[in-house]
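Below: one structure, written as structure tokens.
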Amino acid sequence: VGVGTDDERVAEIREMVRHAHAAGYQVGVHVTGDRGIDTVVDAFAAATDAHPRPDARHYVIHGDFLTPRSMERLAEHGFGANMNPTIKWTIADLEEELVGPERAAYEWPYRDAIDAGVTVASSSDAPVTLPDWRQGIATMLLRESKASGRVSGPDQRITLAEALRTYTANGAWQDFADDWKGTLEAGKVADLCVLGGDLLTADPHDIPGLPVTLTVFGGEIVHDLLTG
């Protein structure tokens, strides 16, 4: 977005989103901060109001400080959010110094967003962090920081099933691929991995260390720890 007054920058964002939406594209916008997120979500809503189109699935990428207002609009219009739990794990302590403990605890509000009806997917934002979904799962369950182990926002914890869904079914939904991947069903592509442990009973602290024993991509075994 170019230089100009706040109103001019907001108008430019709205026009960019409107133009892409009217052309039939899905729009995903990297945006952080509550004001920026509200601006983008409002642009999504304005574009769909001006050019109605079913199931556009626009989404915000990061969504670190999603406001209740934006969550409501995302859910209402069938839009999504793609969050980054491993970044939360990495910078939670630093964020307390920058935005204060209360806002840092709220950052990446998984619980509130899911409860509001938003389709939430997860990603690593690699190479900002390593693309290790196991650490992401642990972070969503624990909300602990990497540096100190302090809990940051326990009320934003989600369940194991919800966390796994952000990496599987909801990610496929975001990509308009939920009819052929994202869940283990007959007729869908076999993209999966097998861990050397039980996710359902494992201590969340131990999940990042569970070995990946088997990886299947498109029905083909691409990694097998047992056979090499």
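The values are calculated or read from the model by the stated rules, or taken from the named source; none is laboratory data. Only a predicted model underlies this, so the values are computations on that prediction, with no experimental measurement involved. When we count neighbours, we look across all protein chains shown, and the Cβ atoms used for this are built from the backbone with ideal geometry, even at glycine. Surface areas here come from the heavy atoms of the whole protein model, side chains and all, with no ligands, DNA or RNA. Shrake-Rupley method; radii C 1.70, N 1.55, O 1.52, S 1.80 Å.
What to note about this one:
- Computing FRET efficiency as 1/(1 + (r/R0)^6) for GLU97 and ARG53, where r is the C-beta to C-beta distance and R0 is 35 Å, gives about 0.20.
- Rounded percent of accessible protein surface that carbon and sulfur make up, the stretch 189-228, 1.4 Å probe: 63 percent
- A crude spin-label estimate for the pair HIS30 and VAL194, with each label 7 Å from Cα along the Cβ direction, gives 3.8 nm.
- The stretch 50-146, accessible surface, carbon-and-sulfur percent (1.4 angstrom probe): 56 percent
- Calculated from backbone phi, Karplus (6.51, -1.76, 1.60) coupling profile of the stretch 119-131 in Hz, x at Gly/Pro: 7, 10, 10, 10, 8, 8, 6, 3, x, 4, 10, 5, x
- Near TRP173: Cβ cut-off under 12 Å, other residues only, Lys/Arg at +1 and Asp/Glu at -1. The net charge is -1.
- FRET E, pair ALA46, ASP125, Förster distance 22 Å, beta-carbon r, rounded to 0.05: 0.25
- Cα centroids of the stretch 157-228 and the stretch 32-71: 28 Å apart.
- Over the chain, Cα pairs under 8 Å with separation of 6+ residues give a relative contact order of 13 percent.
- Helix 85-99 axis versus longest C-alpha principal axis of the chain: approximately 50°, rounded to the nearest ten.
- For the chain, accessible area per residue (1.4 Å probe, heavy atoms of protein chains only), Å²: 51 Å²
- Taking a ≥ b ≥ c as the square roots of the eigenvalues of the Cα gyration tensor, the stretch 119-176 is classed as oblate, since a/c reaches at least 1.5 and a/b does not exceed b/c.
- Placing pseudo-labels 7 Å out from each Cα toward the beta carbon at ARG69 and ALA186 gives an inter-label distance of 5.0 nm.
- Per residue, the convex hull volume that the Cα atoms of the chain enclose (Å³): 146 Å³
- Bridge type composition, the chain - antiparallel percent by DSSP, nearest 5: 45 percent
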